[in-house]
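Data first, discussion second: the structure below is written as structure tokens.
The values are calculated or read from the model by the stated rules, or taken from the named source; none is laboratory data. Everything numeric in this text was worked out from a predicted model, so none of it was measured. Neighbour counts run over all protein chains shown; Cβ positions are idealised from the backbone, glycine included. Just the protein is used for accessible areas: all its heavy atoms, side chains included, with ligands, DNA and RNA removed. Shrake-Rupley method; radii C 1.70, N 1.55, O 1.52, S 1.80 Å.
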2 protein chains.
Amino acid sequence: MILEKKKAFSEFAANKGLRSTRQRDIILDIFLSTHQHVSVEELYLKVKASHPGIGHATVYRTLKLFAEAGLAREILLHDGQTRYEHVLAGEHHDHLVCTGCNAIIEFEDETIEKLQKEIALRHGFLIRSHKLEIYGLCACCRS
Amino acid sequence: MILEKKKAFSEFAANKGLRSTRQRDIILDIFLSTHQHVSVEELYLKVKASHPGIGHATVYRTLKLFAEAGLAREILLHDGQTRYEHVLAGEHHDHLVCTGCNAIIEFEDETIEKLQKEIALRHGFLIRSHKLEIYGLCACCRS
DNA sequence: TAAGATTATGAAAATGAAATTCAAAAGCAA
DNA sequence: TTGCTTTTGAATTTCATTTTCATAATCTTA
Ligand SMILES: [Mn+2]
Ligand SMILES: [Mn+2]
Ligand SMILES: [Zn+2]
Ligand SMILES: [Zn+2]
């Protein structure tokens, strides 16, 4: 799975005429080693731990490339930090966001997805993407 | 409807021990006169047009109060600007956002709302709020 | 493989939205 | 009014992100 993603990025880079750099390889490795929903700052700190020379700007730029390449998805919750999550081929999910402990629970609901398509159809709207975020308290934080 | 909202805000202010100020009255009047989904800057400019003395900070602070009072809702789309929309008592809706012309189409779907509750229940999650935004192209921008 | 052309990088500066500071002004209870 | 408290607005600060630009790395071609 990690190899697939590396390959996917090489192909994307080749297609776009991007050069292959040590930094991009490192950032990709570290991104792939993280769990879901990393903020740019978190990832930057991880990168810096083993590769102090790599700068903020490169991490920002590279994560945007990953998103463009389809292996990461940018998510904006309500904390002013952009996060990136891993995109598995063909998979989509939405989020339950706990405002108590910041946990993020993922879910999928085919019916909701279908209803969205119907709504779009009804308005002559062409869907490019969507986000559904449910904010509240997770089971732990309720009790 | 405008009077109701003004009254609602007075009550909220009274309850919170807030003072009644000329600025808040003006900003409320102008907010109520706008259409849906105003950015803070847009509102600030409108306010400044007739009342040049009123500052940015007051507009920011006051809109937060409106949200707290329940007569406005903060919405964060993907353009880095906080917007506020009018909240009608007991009403809820979600958004189709056109990335072509920035139009925002509102919709309600009871089934989606119900399904969200079921998902939350399944995860022991207590819903406080949610947002569903569908991004894409509106009918005009498609053709 | 060396040169030349182009792209990528990183430190620092710039940006832009939002929050904060603080002295002055306004509101309020008595 | 008086005196106390809240609010205001200009300016400053903050913070995430973007941009700039000189330097470095990569790729292409000979
Ligand atoms: Mn996720
Ligand atoms: Mn709306
Ligand atoms: Zn929690
Ligand atoms: Zn449009």
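General observations
- Three semi-axes of the equivalent ellipsoid, the stretch A:94-142, Cα gyration tensor, whole Å, largest first: 29, 10, 8
- B:Leu71, A:Leu88, ranked by accessible area, largest first (probe 1.4 Å): A:Leu88, B:Leu71
- Dipole of the stretch A:34-127, positive direction: furthest Cα of A:Gly55, A:Leu77, A:Ile119, with charges on the beta-carbon: A:Gly55
- Relative to its Kirkwood radius, the Cα radius of gyration of the protein assembly as shown gives an Rg/Rh of 1.01.
- Surface composition of chain A: carbon and sulfur make up 53 percent of the accessible area, probe 1.4 Å.
- The distance between label points at B:Lys131 and A:Ala49 comes to 3.1 nm (points 7 Å beyond Cα on the Cα→Cβ vector).
- When cysteine pairs in chain B are screened for C-beta atoms closer than 4.7 angstrom, the residues that find no partner are B:Cys101, B:Cys140, B:Cys141.
- Every helix of 4 or more DSSP H residues in chain A counts as -39500 (n - 2.57), and over all residues that averages to -15000 deg cm²/dmol at 222 nm.
- Taking the longest Cα principal axis of chain A as reference, the axis of helix A:110-122 is set at about 80 degrees.
- Computed from the Cα positions only, the extents of chain B along the three principal axes stand at 46, 42, 26 Å, in decreasing order.
- Each Lys and Arg contributes +1 and each Asp and Glu -1, all at the Cβ; summed about the Cα centre of the protein assembly as shown, the dipole is approximately 960 debye.
- The B and A chains share an interface that buries close to 3100 Å² of accessible area, total over both sides, probe 1.4 Å.
- Ranked by solvent-accessible area (1.4 Å probe, protein heavy atoms only, all chains present), the residues A:His130, B:His35 order from largest to smallest as B:His35, A:His130.
- Using a cut-off of 20 Å between Cα atoms, the listed pairs B:Lys5/B:Lys64; A:Lys131/B:Lys114; A:Lys5/A:Lys117; B:Lys64/B:Lys131; B:Lys7/B:Lys64; A:Lys16/A:Lys64 include A:Lys5/A:Lys117 as exceeding that distance.
- Å² per residue, accessible surface of the stretch A:2-86 at 1.4 Å: 57 Å²
- Rounded tilt (10° steps) of A:56-69 against the dominant C-alpha axis of chain A: 60 degrees
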